[in-house]
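In what follows, a structure is listed as structure tokens, so that the remarks can point back to it.
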Amino acid sequence: MTESRPPVYPELTRPGTDGAAGRLDEALYDLVEARFERLLRDNPILATSMGIHEHDDELGDAGVDALLSEVEADKAFGLTLDNKDSAPHNVAIYTDSGAGTSISVGEVVSATTTTQQVPALTAGSYFFRCDVHHEMTGTINAS
Ligand SMILES: [Cu+2]
């Protein structure tokens with residue numbers, strides 16, 4: 001049954017057959033391997049952390065757009081910007097894309113981290129941008 005395993009997984013070693021091998025050893029190893037492979041399929045982050053990159057395309061989006069696309073309504077939260085860029089950026093949240101009414105304006109930072117407090121947002125959509133680079137925008141959906 002080892003032959004049916006996808007070749008992308010690391011070869012799992014089995015003990016040699018010399019000595020006192022039990023008659024069900026092979027079946028047990030098949031079960032262990034199948035369970036290990038299912039664990040990696042179901043937990044792509046675990047697979048990647050183990051150096052198995054077959055499921056890297058299933059890791060999900062950890063970008064700011066994805067993280068802010070769904071926030072819990074009516075609950076304040078801290079928003080940490082880890083700006084790894086030497087250029088200055090911030091996260092400024094406004095009621096809408098007119099950017100006339102601010103809700104939370106983060107500190108403009110370069111190559112460092114800053115945390116801003118975002119007040120509880122009632123359910124709905126909000127606009128955010130970098131106040132330095134107005135073309136860097138996104139939408140927050142509170143629900
Ligand atoms: Cu910017």
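Structure values in brief
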{"item": "Meets criteria (surrounded by 11 or more Cβ atoms within 10 Å (Cβ to Cβ) and either within 16 Å of the ligand (Cβ to nearest atom) or modelled with pLDDT under 95 (or both)) for LEU67", "result": "yes"}
{"item": "So ARG23, is it part of a helix (DSSP H, G or I) and more than 16 Å from ASN141 (Cβ to Cβ)", "result": "no"}
{"item": "Output for the range 70-114, where each listed residue is in contact (Cβ under 8 Å) with a residue 40 or more places away in the chain, touching a strand residue (DSSP E or B) at 6+ places or on another chain (Cβ under 8 Å) and more than 13 Å from ALA142 (Cα to Cα)", "result": "GLY78, PRO88, HIS89, ASN90, SER97"}
{"item": "Scan of the range 115-143 for residues that are touching a residue at least 60 places away in the same chain (Cβ under 8 Å), outside any loop (DSSP other than H, G, I, E, B) and of a type in the set (Ser, Thr, Tyr), ordered by number", "result": "THR139"}
{"item": "Members of the range 25-40 found to be under 12 Å from HIS55 (Cα atoms) and either of a type in the set (Ser, Thr, Tyr) or surrounded by 13 or more Cβ atoms within 10 Å (Cβ to Cβ) (or both), listed by number", "result": "GLU37, LEU40"}
{"item": "THR95 in the same structural domain as LEU12 (by TED's automatic domain parsing), of a type in the set (Ser, Thr, Tyr) and either under 30 Å from GLU11 (Cα atoms) or more than 16 Å from the ligand (Cβ to nearest atom) (or both)", "result": "no"}
{"item": "Every residue from the range 74-92 that is loosely packed, with under 14 Cβ neighbours inside 10 Å, assigned to a loop (DSSP other than H, G, I, E, B) and either more than 11 Å from the ligand (Cβ to nearest atom) or not acidic (Asp, Glu) (or both)", "result": "ASP74, LYS75, ALA76, LYS84, SER86, ALA87"}
{"item": "Answer residue from the range 117-139, given it is within 15 Å of VAL71 (Cα to Cα) and within 16 Å of the ligand (Cβ to nearest atom) and is surrounded by the most Cβ atoms within 10 Å (Cβ to Cβ) among those", "result": "PHE128"}
{"item": "Selection status of PRO44, surrounded by fewer than 10 Cβ atoms within 10 Å (Cβ to Cβ) and of a type outside the set (Ser, Thr, Tyr)", "result": "no"}
{"item": "One residue from ALA34, ALA20, ALA27 being among the small types (Gly, Ala, Ser) and at pLDDT below 80", "result": "ALA20"}
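The values are calculated or read from the model by the stated rules, or taken from the named source; none is laboratory data. Everything quoted here is computed from the prediction, not taken from an experiment. Cβ coordinates were reconstructed from backbone atoms using ideal geometry, including for glycine residues, and neighbour counts include every protein chain displayed.
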